[in-house]
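Chemist: First the structure, then my questions, so here it is.
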Amino acid sequence: MDNLDTTAFGFKDKIGYMFGDFGNDFTFIFASTYLMVFYTKVWGIDAAMVGVLFMVARCVDAFTDVGMGRIADSARENPRGRFRVWILRMSIPVAISSFLMYQSWLADASMMVKTVYMFVTYLLWGSVFYTSVNIPYGSMASVISDKSKDRQSLSVYRSLGSTFAAVAISVIAPIFIYRTDADGNQVVIGASFTWVAGVFSILAVVCYLLCYALVTERVSLQKHKSQRSRTSIGKTLGDVLGNRALLAMILISILTLCATIMSQSISTFLFADYFKDTKALSVNNLLGLPAAILLAAVAGKLVERFGRKELTAGGCVLAAVLFLIIYLMRITNVWIYIILNFIASIGGMYLFNMTVWAMITDVIDDKEVKTMQRDDGTIYGVYSFARKVGQALAGGLGGFALSAIGYDSLAAEQTNAVRNSIYGLSTLFPAVIYTVVAFVFLVIYPLSKRRVEENTRELQSRR
């Protein structure tokens, strides 16, 4: 391994990397939030069929995520960067395919035409073109710099990009997609989906181009043809899947996704049925932005002092304790709940999001130290697919949980037992999850601050 570019790592790289995730999320978060609404309310497709689509897509992702990682790892060195060049190549295809998914003029077509079109365009966008940008983008963090401090900065700025995109989409999209009818109901405007998707697609391309222009790959892996031909994909995957650090990170991410997605899916019911104050829900949702900004200011220094594993594990312990206290207190004042939930979420979800992407680069380095072979794209591809599976599994938790506690969607008011159970799902559930996550970090995940520093020194000496 040697240096591809001697330009010093700096603010330009951080901003560029932030724009990369901003670009990703203009199509990804929009789809995650509104695609089901579009398919069911504009096209009239049955929700069960949409569920089948998402399940089929995750099966396809098992091949395309890992396959794209392998392609990026096996590619020849390029003056424009081994990973960075894919952002330039695929930015327009991913934007166009995203726009094509939201064509309201097809609402009057036959159900067969809409269903086939839905499968083709969604798989092209998510499993082919989005993957061909997202896998190289995520893998690129480990070659922008080989310094742990720099990679932590990239993880922070990536999280900021995701937060800014989520806020922008949550504020802009509803203004144009919904209108209020004479009875006060929120009605979907089908035509607005098409042009809003078009605007987001254009903004995605702009962000991708800014990422490409501002980011520099500095660490290069020189490969010989003979080495590439001897290393089969089966051997590479065997090495990757046998990596204890990666398996621990996959387990941690799935558990954290369960806590996060459960909280997001139950929060509407908590504020509507338990606190009976939906206006406070908007305040609660907007707190993600100040949380991200606060952690962005201090995360780097905290990681430098304590280490990513130690800091994040400590945050999970804090979150678990606070969520347990909130559960035991049975808070009825919505504003006290919001404040305590905000603090607990900083220790859990928000802190994890600030460090997770840098931890994946630690996993990549650890594998190289052990095997003398670097597989940035393959490792990130496996991790990306595992996160998608976790998101799919966690996505149904809220619905199953509400059904299990006896929630009656037709009732004007829920029973006290149901209301208390909703409160328990919002507090005790994350308390248990973050306790388990802290255990996995402390007992199973091996990459302590000391181990990461040793790996960094070893790899620098090899270069």
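Chemist: Name every residue in segment 39-79 that is of a type outside the set (Val, Ile, Thr) and over 27 Å from GLY138 (Cβ atoms), in order of residue number.
Modeler: Listed by number, the residues that qualify are TYR39, LYS41, TRP43, GLY44, ASP46, ALA47, ALA48, MET49.
Chemist: I want to confirm something. Restricting to segment 74-93 and keeping residues that are open to solvent by 50 Å² or more (accessible area, probe 1.4 Å) and not acidic (Asp, Glu), which single residue is farthest from LEU53 (Cα to Cα)?
Modeler: Residue satisfying both the conditions and the ranking: PRO79.
Chemist: Answer with yes or no whether VAL240 is surrounded by 16 or more Cβ atoms within 10 Å (Cβ to Cβ), at pLDDT below 85 and out of contact with any Leu (no Cβ under 9 Å at 6 or more places or on another chain).
Modeler: In short, no.
Each row is one residue, and each column tells you yes or no for (1) in contact with a strand residue (DSSP E or B) (Cβ under 6 Å, 6 or more places away or on another chain); (2) β-branched (Val, Ile, Thr); (3) more than 19 Å from LYS388 (Cα to Cα).
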residue	(1), (2), (3)
PHE9	no, no, yes
LYS12	no, no, yes
ASP21	no, no, no
ARG58	no, no, no
ALA62	no, no, no
VAL66	no, yes, no
ARG70	no, no, no
ARG82	no, no, yes
VAL85	no, yes, yes
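Chemist: Further question on the same structure: If you scan segment 151-178, which residues turn out to be within 15 Å of GLY20 (Cα to Cα), open to solvent by 10 Å² or more (accessible area, probe 1.4 Å) and out of contact with any Asp or Glu (no Cβ under 7 Å at 6 or more places or on another chain)?
Modeler: Result: SER153, TYR157, SER159, LEU160, THR163, PHE164.
Chemist: Could you run through segment 354-381 and say how many residues are open to solvent by 10 Å² or more (accessible area, probe 1.4 Å) and under 22 Å from ASP61 (Cβ atoms)?
Modeler: 1
Chemist: Which of the residues belonging to segment 346-387 are charged (D, E, K, R) and touching a Lys or Arg at 6+ places or on another chain (Cβ under 6 Å)?
Modeler: GLU368
Chemist: Still on this model: Can you run down the residue pairs with Cβ atoms below 6 Å, 6 or more apart or on separate chains, where the first is in segment 398-422 and on the phi < 0 side of the Ramachandran plot and the partner is assigned to a loop (DSSP other than H, G, I, E, B) and of a type in the set (Ser, Thr, Tyr)?
Modeler: From residues that are on the phi < 0 side of the Ramachandran plot, the pairs are VAL418/TYR407.
Chemist: In segment 306-355, which residues are in contact with a Leu (Cβ under 8 Å, 6 or more places away or on another chain) and under 21 Å from SER148 (Cα atoms)?
Modeler: ARG308, LYS309, LEU311, THR312, ALA313, GLY315, TYR350, LEU351, MET354, THR355
Chemist: Another question, if that's okay. Regarding ILE96, is this residue open to solvent by 60 Å² or more (accessible area, probe 1.4 Å), among the aliphatic types (A, V, I, L, M) and touching a residue at least 24 places away in the same chain (Cβ under 8 Å)?
Modeler: Criteria met by ILE96.
Chemist: On the given criteria, is SER145 over 27 Å from SER282 (Cα atoms), of a type in the set (S, T, N, Q) and open to solvent by less than 10 Å² (accessible area, probe 1.4 Å)?
Modeler: yes
Chemist: Quick one: in segment 396-442, which of the residues that are modelled with pLDDT under 85, outside any helix (DSSP H, G or I) and open to solvent by 50 Å² or more (accessible area, probe 1.4 Å) is farthest from ASP273 (Cα to Cα)?
Modeler: LEU410
Chemist: Here is a follow-up. So how many residues does segment 150-188 have that are touching a helix residue (DSSP H, G or I) at 6+ places or on another chain (Cβ under 6 Å), within 30 Å of SER461 (Cα to Cα) and either at pLDDT below 85 or not polar (S, T, N, Q) (or both)?
Modeler: 5
Chemist: Take the conditions in a helix (DSSP H, G or I), small (Gly, Ala, Ser), out of contact with any Phe, Trp or Tyr (no Cβ under 8 Å at 6 or more places or on another chain) and surrounded by fewer than 19 Cβ atoms within 10 Å (Cβ to Cβ) and apply them to ALA386. Does it pass?
Modeler: Judged against the criteria, ALA386 is not a match.
Chemist: Also, quick follow-up: Just to be sure I understand, how many residues within segment 366-380 are part of a helix (DSSP H, G or I) and more than 13 Å from the chain's Cα centre (by Cα)?
Modeler: 10
Chemist: Please determine whether any residue of segment 84-102 is assigned to a loop (DSSP other than H, G, I, E, B), more than 21 Å from the chain's Cα centre (by Cα) and modelled with pLDDT of 90 or more.
Modeler: So far as segment 84-102 goes, yes, one or more of its residues are assigned to a loop (DSSP other than H, G, I, E, B), more than 21 Å from the chain's Cα centre (by Cα) and modelled with pLDDT of 90 or more.
Chemist: Among what's in segment 107-127 and is in contact (Cβ under 8 Å) with a residue 40 or more places away in the chain and surrounded by fewer than 17 Cβ atoms within 10 Å (Cβ to Cβ), pick the residue that is nearest to LEU53 (Cα to Cα).
Modeler: Filtering first and then ranking leaves PHE119.
Chemist: Could you please let me know if THR131 is assigned to a helix (DSSP H, G or I), of a type in the set (S, T, N, Q), modelled with pLDDT of 90 or more and on the phi < 0 side of the Ramachandran plot?
Modeler: So THR131 passes the test.
The values are calculated or read from the model by the stated rules, or taken from the named source; none is laboratory data. The structure displayed is predicted, hence computed values, not measured ones. In this analysis, Cβ positions are derived from the backbone assuming ideal geometry, glycine residues included, and neighbour counts consider all displayed protein chains. We work out accessible area using only protein heavy atoms, side chains counted, and drop any ligands, DNA or RNA first. Shrake-Rupley method; radii C 1.70, N 1.55, O 1.52, S 1.80 Å.
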